[in-house]
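Notes follow the structure.
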Amino acid sequence: MSVTVRQIHIENFRSIQRLTIPAEKLSVFVGKNDSGKSNILRALNLFFNGVTNPGKAFDFEDDYNLFVPERAKTAKEVVVRLELNIPASYHATNGEIIAWEKRWRSGGLHSDRYWGYRLSTNRRGREVRTQVDIPERSNAHGLLRQIEFEYVPAIKDSSYFDDLRGRIYSIIAEVATRTFRTSSTAFEDSIGEHLADLTTGIGSSLGFETRLALPRDLSHIFQRLDFLSGAKGISLDHRGDGIKTRHIPLILKFMAEKKQSLQVRGAAPFSFIWAYEEPENNLEFASAVELAVQLADFASRGVAQILLTTHSPVFYDLGETCPEGVVCAHVYRDTDEEGTAVSENGCAVDEKMGTMALLAPRVKHLVHDVREQVEAKHAAEILAQQNRPKIFVEGESDRIVLAHCARVFHPERVGFVDFETKRKGGGHSYVIDMLNGWRCQHKHDQNGPRAAGILDVDAVQLKNEWNAGSGNTASAKCFCYPKPNHAVAALKAGFRLPVTLEVLYSLDVWQWAEARGLLEDRLLADTYPAAMVEEILKGGAANVEVDEAYRLYVTKQFRTGTKIDVANYVAGLEEALTRSEFERLGTLLGEVFDYLGVPEIPVAG
């Protein structure tokens with residue numbers, strides 16, 4: 001575990017008079033242009049790196065808030081105070097959190113101090129803080145020195161990329177000093193051989209030996225380091241701004257991991273904080289969603305704490321879709337005199353974002369759909385590395401029952417495939433998104449294994465559309481559950497019965513579930529034919545007859561949260577009973593295995 005910022009307090013800096021804002025592993029600061037949200041990141045850049053914007057030194061006259069009231073006998077100051085979470089191994093000496101404060105006056109940095117807090121709870125459950133003086137010999141001093149703060153500006157121009165690529169050199173030089181120096185010496189010797197006539201002539205003429213050598217600092221050479229991509233080796237410099245932007249977090253992650261490798265046993269760990277200004281700039285919608293998913297993943301895995309500013313729902317929607325470890329705050333400025341303010345109320349985001357408030361609900365829905373597809377693409381990429389055929393199903397109950405049937409009907413083939421699902425939030429969209437992700441992955445490895453998806457019967461149109469897609473079934477194919485006889489009879493009688501996995505269960509299983517209170521009433525208006533509903537409304541319920549073969553299926557449904565329990569019961573049925581009641585599922589699985597190319601290996605007698 002490393003250091004993370006838990007709270008930011010800023011006074012008198014640019015548009016900010018006084019502002020306190022919480023921080024998390026991923027902190028999203030939302031606001032319209034000129035609201036002052038970027039000043040939060042610039043204040044942090046000043047705190048950690050001594051500059052405001054990249055390459056711009058602090059200037060008290062420019063950076064001090066113009067609207068701060070004059071106070072007699074009170075010096076003008078810019079204040080930044082951070083509360084930091086620290087690793088548990090540092091708590092005994094330094095307290096659970098550290099407060100670190102810096103103050104600047106007209107002459108520059110005026111004070112730099114930090115102290116600890118021990119946290120406890122009083123009788124009313126409120127937090128109580130006790131200040132701790134950090135000892136001179138405390139290892140907390142080294143811990144704070146190991147914080148690496150990276151500021152990514154809104155305008156990511158060529159000079160920023162030059163600097164970023166140049167800093168790769170310093171990381172490589174630190175991590176692999178010996179091997180890197182050996183390689184550079186060999187390069188110098190090779191040049192020297194080709195220029196021997198020149199250096200010998202100079203030596204003879206001037207009377208002293210001359211040789212050529214690389215400069216000690218190679219960072220300016222690394223600034224011209226290039227990334228070539230595609231079959232033609234296209235330079236990154238010739239790529240669009242969006243592609244360049246997508247390189248940034250990967251480069252930062254690389255440098256962070258290399259830096260971490262320098263840590264020796266017992267030394268303070270490195271901590272990485274990225275301040276990302278408007279990451280959506282230069283990105284089309286889908287790429288922005290991909291970047292949002294990537295940054296959220298990096299933050300959750302502790303690659304770095306990420307604080308970003310945005311005015312795009314692609315990023316501030318992360319506060320709703322990834323609530324754990326994410327905080328989203330609305331930054332606004334009603335008047336220059338009042339300065340930048342912040343609200344932690346998520347509802348205020350849309351309300352104060354102007355036109356975006358009208359578009360936000362639709363955009364959020366679209367963001368959700370695209371994010372699901374992006375996450376599925378990444379998940380498919382990881383699963384494809386296992387080099388095994390996959391069967392994607394809508395939920396955990398499907399996985400349990402299908403795996404059981406596969407073991408019963410195809411014991412010689414089941415060991416060659418994996419059933420995959422999403423524990424929560426699966427359904428039709430999950431299966432199709434995973435097939436799409438598998439299809440994308442297969443384009444890069446056409447010799448890779450195939451995948452299949454199995455959907456409920458009510459998604460037959462979705463199945464047909466997927467399978468009809470150009471080239472889709474070369475790598476992935478969609479299947480639907482078969483209709484059991486009782487479902488066919490109910491549908492012919494006009495009942496609107498959704499044919500899910502549970503409808504494939506025998507009447508005995510449904511009666512077992514009913515006896516244990518696992519069923520509840522369906523809304524009859526949703527399943528009964530219109531004529532029957534009309535008859536019931538007229539008081540003729542006694543005249544309505546429902547065939548016993550499917551009565552339970554059209555009048556009842558499984559209670560929320562009970563499907564896995566019933567699936568486990570089905571998976572415990574004896575083999576003979578499974579064969580008699582799930583023969584159609586066995587046939588379906590045989591077709592799936594055939595498509596996947598899973599071999600039939602005779603079972604030893």
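The values are calculated or read from the model by the stated rules, or taken from the named source; none is laboratory data. Predicted model, so just to flag it, every value in this text is computed and none were measured. Every residue, glycine among them, receives a Cβ derived from its backbone with ideal geometry; neighbour counts consider all protein chains shown.
Look at (1) under 27 Å from the mean Cα position of the chain (by Cα); (2) at pLDDT 95 or above and you find that Phe47 fails only one, number (1).
Residues that are more than 25 Å from Val303 (Cα to Cα) and assigned to a strand (DSSP E or B) do occur in the range 68-79, at least one of them.
When Ala489, Ala474 are checked against the criterion of being surrounded by fewer than 18 Cβ atoms within 10 Å (Cβ to Cβ) and in contact (Cβ under 8 Å) with a residue 60 or more places away in the chain, Ala489 stands alone in meeting it.
Summed over the range 392-438, the residues that are aliphatic (A, V, I, L, M) and over 24 Å from the mean Cα position of the chain (by Cα) give a count of 8. Checked against (1) within 23 Å of Phe593 (Cβ to Cβ); (2) at pLDDT 90 or above; (3) outside any strand (DSSP E or B), Phe479 passes all but a single condition, namely (3). One residue stands out among those in the range 85-111 that are within 23 Å of Asn49 (Cβ to Cβ) and surrounded by fewer than 11 Cβ atoms within 10 Å (Cβ to Cβ): the one that is nearest to the chain's Cα centre (by Cα), which is Gly108.
Results for (1) exposed (fewer than 12 other Cβ atoms within 10 Å of the Cβ); (2) small (Gly, Ala, Ser); (3) in contact with a Pro (Cβ under 8 Å, 6 or more places away or on another chain), shown as yes or no for each residue.
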site: Glu535; (1), (2), (3): no, no, no
site: Gly539; (1), (2), (3): yes, yes, no
site: Ala549; (1), (2), (3): no, yes, no
site: Leu552; (1), (2), (3): no, no, no
site: Gly561; (1), (2), (3): yes, yes, no
site: Glu574; (1), (2), (3): yes, no, no
site: Ser580; (1), (2), (3): yes, yes, no
site: Phe593; (1), (2), (3): no, no, no
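From the list Val363, Val417, Val370, the lone residue that is at pLDDT below 80, in contact with a Pro (Cβ under 6 Å, 6 or more places away or on another chain) and over 30 Å from Glu11 (Cβ atoms) is Val363.
Starting from residues that are in contact with a Lys or Arg (Cβ under 8 Å, 6 or more places away or on another chain) and outside any strand (DSSP E or B), keep the ones in the range 407-432 and report whichever is nearest to His368 (Cα to Cα). That would be Tyr430. Within the range 85-108, the set of residues being among the aliphatic types (A, V, I, L, M) and either outside any strand (DSSP E or B) or within 14 Å of Phe13 (Cα to Cα) (or both) comprises Ile86, Ala88, Ala92.
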